[in-house]
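Comments concern the structure below.
Values quoted throughout were computed directly from the atomic coordinates according to the rules given, and no laboratory measurement underlies them. These figures come from a predicted structure and were not determined experimentally. As a convention, Cβ positions derive from the backbone with ideal geometry for all residues, glycine included, and neighbour counts pool all protein chains shown.
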């Protein structure tokens, strides 16, 4: 490869990196606490979805600046209509419920506490659709029939 082609390729790679950084910073700013400090998210939990009387309770801890939390919201939109009758989903904003999250052994978003029959299981990190459905299936076998 000639010097001019190497230099041209390097310039394009640098441009791609710069664009990706700008997109990431813009996305983070839009999702950041500065723009997302909504008063309705002050309660702990701030939202309860699914079956209010279900024996399986899923406590979900999130933050507006969490990239994976945005993806997790998409999972909930798909799983709730199909399996929502088998669990109660409680959503907590870590900005306002941090002490409660720590008491549940959740130290960062996204974090989950699955409660059933006075037993809890804590999971950290993103859970995709199939994994989320499998967890519900394992904890509530009749949801898989």
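Sorting 60, 100 from the fewest to the most surrounding beta carbons within 10 angstrom yields 100, 60.
Diffusion coefficient (Stokes-Einstein, Kirkwood radius over C-alpha pairs, 37 °C, 0.692 mPa s) for the stretch 47-134: 253 µm²/s, rounded to a whole number. Of the peptides 115-121, 48-54, 61-67, the ranking by mean beta-carbon count within 10 Å, highest at the top, reads 61-67, 48-54, 115-121. Highest mean packing first, where packing is the average number of other Cβ atoms within 10 Å per residue, the peptides 134-142, 102-110 line up as 102-110, 134-142.
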